[in-house]
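Engineer: Below is a structure I'd like to ask you about.
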Amino acid sequence: MENSNIMDKITQKLKKHLKIENFPHVTKNGKWQTTRDGYWSGGFWIGILWWMHVHTGDDLFKNEAIKWLKRLEKRKTSRTFDLGFIFYPSFILGYKITKDEQLKKVALEAADTLLTTFNPHLNVIYDEMVQENQKVGKVLIDIMPNLKLLWWAFKETGNTKYYDIANLHAQRTIKELIRSDGSTYQGFIFDLKSNAIIKKVTFQGINTESCWSRGQAWAILGFAMASEYTKNEEYLSVTKKLARYYLKHLPLDNKVPYYDFDVKPNPNEIRDTSAAAIASAGLLNVYRITKEEYYKEQAHEIIQSLYMNYFNDEMKDGFLSDGCFYLQKDWGVKESMIWGDYFFIESLIQLIYSNQKSIKNLF
């Protein structure tokens, strides 16, 4: 199906769900489970509204996005490594579209907050968690795409504090979380007092040494962003290595991975459409950098597979079925994820408008 026709179907479906009262996160039995403050995923809902405004020209979506921005703004002081997810698709994309300087100001304040999560001993951005009744530091592969907030802040201000911390974190990620074969750990845990790394982890995969597919997709996207902003050839090389592993280990029946690349192929095994959508966006980033058609072709095949095999009917709220948020805790299994829907739509926008400079500048 033509990508523009898919967007038309998305437009019609989205208009039926604009009266939602809180931020969509994941569905349960096909209905959105929401959060009042946006949790770590609220920015993706606003980003969907912005992209639909770009595609349709309809101010209905722009006005809705602005309404939700007011609710999300207070998160600019939240000390979490997810600030890139919260503020890039919402305030920064909104700023690029509207040129509203207030949106830029808020996003820069969020970038400053993200800097406060930096550990100068390990050169990483981190969060805290409780493990065995003890607070420890947590560094996840998911942080890589969140760095886009810092890369952008450097580009906007010229202040090297943003670049330096993002660059140090990316370098440490290569060292600690990317294996020699191009697969990834989900993260590592460290002692907050000694800064000693306690162990590597893959919470949402099969085991520590497995490769969680969404983590691999986050890595592709994050390092592609790093390459695009820094022009660092090492980051591009890493991105291609991550992409090769991802594409080589996809199931033979379609382009959507199982939730972990180390599971045994089985038609009934749990997949993660959100991982596929994220990976497609990352591959299109690589295409923008290199102009190598292979990456665009792979992304297009992924998007077509997602639409043909996993696009929800009108009875369900999200766009993509069969996402897997956290299998081990039975959260959002075979359901829709707002981040999966966002990157599905972002990828479609990139594919449709790949030759239009005014749209390309929004990424």
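Engineer: Please check the chain for the longest run free of GluC sites (Glu not before Pro) that are loop-located per DSSP (anything but H, G, I, E, B) and have at most 10 other Cβ atoms within 10 Å.
Structural biologist: 133-313
Engineer: In whole Å, what is the distance between the alpha-carbon centres of region 220-286 and region 78-112?
Structural biologist: 26 Å
Engineer: Quick check: net charge around residue 135, other residues with Cβ under 12 Å of its Cβ, Lys/Arg +1 and Asp/Glu -1?
Structural biologist: -2
Engineer: With each run of n ≥ 4 DSSP H residues scored as -39500 (n - 2.57), what mean residue ellipticity at 222 nm is computed for the chain after dividing by its residue count and rounding to the nearest 500 deg cm²/dmol?
Structural biologist: -16500 deg cm²/dmol
Engineer: Still on this structure: Which of rounded, prolate or oblate describes the chain when judged by the alpha-carbon gyration tensor and an a/c cut-off of 1.5?
Structural biologist: rounded
Engineer: Straight-line reach only, C-alpha to C-alpha below 23 angstrom: list the lysines that residue 28 could link to, leaving out same-chain residues fewer than 8 apart.
Structural biologist: Once the sequence-local lysines are set aside, what remains near residue 28 is 9, 13, 15, 16, 19, 316, 329, 334.
Engineer: Test of understanding: ordering 256, 333 by Cβ neighbours within 10 Å, fewest first, what list do you get?
Structural biologist: With the sparsest Cβ surroundings first, the list reads 333, 256.
Engineer: Using the Cα centre as the reference, give the magnitude of the dipole from point charges on the C-beta atoms of the chain (Lys, Arg: +1; Asp, Glu: -1; all else neutral), rounded to the nearest 20 debye.
Structural biologist: Rounded to the nearest 20 debye, it is 620 debye.
Engineer: Multiplying the sequence separation of residue 314 and residue 361 by 0.36 nm and subtracting their Cα-Cα distance, what value in nm do you get?
Structural biologist: Answer, rounded to one decimal: 13.6 nm.
Engineer: Can you pull out the trypsin sites (Lys or Arg not before Pro) in region 89-186 that DSSP calls coil and that have at most 10 other Cβ atoms within 10 Å?
Structural biologist: Of the trypsin sites (Lys or Arg not before Pro), the ones in loops of region 89-186 whose Cβ has at most 10 other Cβ atoms within 10 Å are 99.
Quick note: the coordinates plus some simple rules give every number you see, no bench work behind them. This is a predicted model, so every value here is computed, not measured. FYI the Cβ positions are ideal-geometry reconstructions off the backbone, even for glycines, and counts take in every protein chain you see.
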